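Have a look at the structure below before the remarks.
The values are calculated or read from the model by the stated rules, or taken from the named source; none is laboratory data. Everything numeric here is computed off the predicted structure, so don't read it as measured data. No Cβ is skipped: glycine too gets one built from the backbone with ideal geometry, and neighbour counts run over all protein chains shown.
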Amino acid sequence: MDGRRRPARALTVTVPASAPAITGSCLCGGVRYEAGPPVGPMGHCHCQTCRKAHGAAFSTTMRVAREGFRWTCGEDRLGSFESSPGKRRSFCRNCGSHLVAAWDHEDQLILRVGCIDGDPGVRPVAHIWTSQKAPWYEIGEDLPCLAEGRPPSP
């Protein structure tokens, strides 16, 4: 972590009851999905596997219910990689966009917010796994930083 303290802030998400479905797609447009509203807070993940999977300082993620998720196009173009025991990351085999991750034992999927097509109606509430952040990246936002784990779901 960068050593600066962030003010305490509630780490919850409030989604309007009439929230529209979330749609997302890969860079080439060959894979598309639809998901229900978020079931947990959005956060910037600094863990080593997210950094390497995305080639970036962090990956912004958000959880949705597995039962409300469906591929609408290009499911046959998907590849997957087990990045941790029991966690699979799904990506487009054509363009490489990382779209979704899922733990085998959880009823939620982790969307990669950069592939969402519109505004999901929520904003990031924290930087997570900052104990593994890239040493060259300085966190500049005024969001709480969690050294390990993720913000609790409501």
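Residues of the stretch 81-113 that are modelled with pLDDT of 95 or more and of a type in the set (S, T, Y): S90, S97. Under the condition of being part of a loop (DSSP other than H, G, I, E, B), over 17 Å from Q48 (Cα atoms) and under 14 Å from the mean Cα position of the chain (by Cα), the residues counted in the stretch 120-151 number 4. Of the listed requirements (1) of a type outside the set (F, W, Y); (2) more than 30 Å from E138 (Cβ to Cβ); (3) at pLDDT 95 or above, I116 misses just one: (2). Looking only at the stretch 16-36, decide whether some residue is surrounded by fewer than 19 Cβ atoms within 10 Å (Cβ to Cβ), in contact (Cβ under 8 Å) with a residue 24 or more places away in the chain, under 18 Å from W103 (Cβ atoms) and polar (S, T, N, Q). The answer is no; no qualifying residue exists.
Scanning the stretch 96-133 for residues that are more than 28 Å from G68 (Cα to Cα) and touching a Phe, Trp or Tyr at 6+ places or on another chain (Cβ under 8 Å) yields a single hit, K133.
Taking the condition within 12 Å of the chain's Cα centre (by Cα) and either charged (D, E, K, R) or in a loop (DSSP other than H, G, I, E, B) (or both), does G40 pass? The answer is yes for G40.
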